[in-house]
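Novice: Dropping a structure here in structure tokens format, bear with me for questions.
The values are calculated or read from the model by the stated rules, or taken from the named source; none is laboratory data. Being a predicted model, the structure only gives us computed values, none of them experimental. Cβ placement follows ideal geometry from the backbone for every residue including glycine, while neighbour counts extend to all protein chains displayed.
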Amino acid sequence: MQHVVFPRSFKSQNIKVDGAAIYTRSGGAGPAVLLLHGFGDTGDMWAPVAAALHESHTVIVPDLRGMGLSSHPERGYEKKAQARDIARVLDKLKIDAADLVTHDIGNMVGYALAAQFTKRVKRWIVIDAPLPGIGPWNDIIRSPLLWHFNFRGPDVERLVKGRERIYLDRFWNELSANPKAIKEATRRHYARLYARPKAMHCAFLQFAAFNQDAEDNKAFAAAGKLPMPVLALGGDHSFGTQMADIMRLVATDVTPGTIKQSGHWIMEEQPRQTTEAIVEFLRK
């Protein structure tokens, strides 16, 4: 699968954090850049970005707790806690500070990381997902498209078990500008990963933590806005310029940007355009 081929120099390891092991790919040389994925993806989504950056940057690509090839503990899915996971990963790799690139739930972990460990985040590219508790959150969660935020529980897990591909197809088909842009090989790849034991259970726990995340984010925001430069990217068929509006509520230096002809799945729908936007911002 072309899009999950990382540069040959990259190495993978499981990094122990509090109650979990975080599967982490890393490679390259130069200033550090940290890439965080969201639901429906794993760190594999960032392979084109890693390929574009590894000659000029040290690139770190974890799978979040309970997702991808990381371990699947029962607890720790509050984004504040997952941010501590990521800080421990940076500690293990002896990296003091990094540029940050995030998508979907990765945005939420990214905000908790930047709020708790502000000096460790130099710049932040945040892509196409809201922050619990911030700005229009209460209106956003009423959208019929986001019914999955409250779709969980033992009976839901029984419904989805063995049908992970069907469940994930719903996200790729309904939240994209062009479902055909998400290739069959990509769908099979992620469906296999989300069919691993406890993987979907832990994915549901990511959403179950949103109420606590909202309270944590309100406290972060009340303590002051983030100082680092932020590029807020939205798919033009998804969050679009609303991403910048949301980020201006929590950060002082926000640049808006739009990924054209894209829904939510920016790296699958528009990998070249998204990679170019990331590289350009990091080169400034």
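Novice: Residue by residue through region 237-265, note down the ones that are touching a Gly at 6+ places or on another chain (Cβ under 7 Å) and either under 18 Å from E276 (Cβ atoms) or part of a loop (DSSP other than H, G, I, E, B) (or both).
Specialist: Across region 237-265, the qualifying residues are H237, S238, G240, T241, M243, L249, T258, I259, S262, G263, H264.
Novice: Can you tell me which residue among A203, A199, A209, A115 is within 30 Å of F281 (Cα to Cα), surrounded by 19 or more Cβ atoms within 10 Å (Cβ to Cβ), of a type in the set (G, A, S) and within 19 Å of the chain's Cα centre (by Cα)?
Specialist: Details: A203 fails: within 30 Å of F281 (Cα to Cα); A199 fails: within 30 Å of F281 (Cα to Cα); A209 fails: within 30 Å of F281 (Cα to Cα).
None of the others qualify; the one that does is A115.
Novice: Just to be sure before I move on: is T274 outside any helix (DSSP H, G or I) and either out of contact with any Asp or Glu (no Cβ under 9 Å at 6 or more places or on another chain) or at pLDDT 95 or above (or both) in the structure I sent?
Specialist: no
Novice: So, one more: Yes or no: region 198-217 includes at least one residue that is farther than 27 Å from S71 by Cβ, in contact (Cβ under 8 Å) with a residue 24 or more places away in the chain, in contact with a Gly (Cβ under 9 Å, 6 or more places away or on another chain) and of a type in the set (A, V, I, L, M, F, W, C).
Specialist: The answer is no, given that none of the residues of region 198-217 is farther than 27 Å from S71 by Cβ, in contact (Cβ under 8 Å) with a residue 24 or more places away in the chain, in contact with a Gly (Cβ under 9 Å, 6 or more places away or on another chain) and of a type in the set (A, V, I, L, M, F, W, C).
Novice: May I ask you to list the residues in region 171-196 that are surrounded by 12 or more Cβ atoms within 10 Å (Cβ to Cβ), under 26 Å from F239 (Cβ atoms) and free of Cβ contacts under 8 Å to residues at least 24 places away in the same chain?
Specialist: Correct list: N173, P179, R187.
Novice: Another question, then. So, V59, is that one buried (at least 24 other Cβ atoms within 10 Å of the Cβ) and in contact (Cβ under 8 Å) with a residue 40 or more places away in the chain or not?
Specialist: Yes, satisfied.
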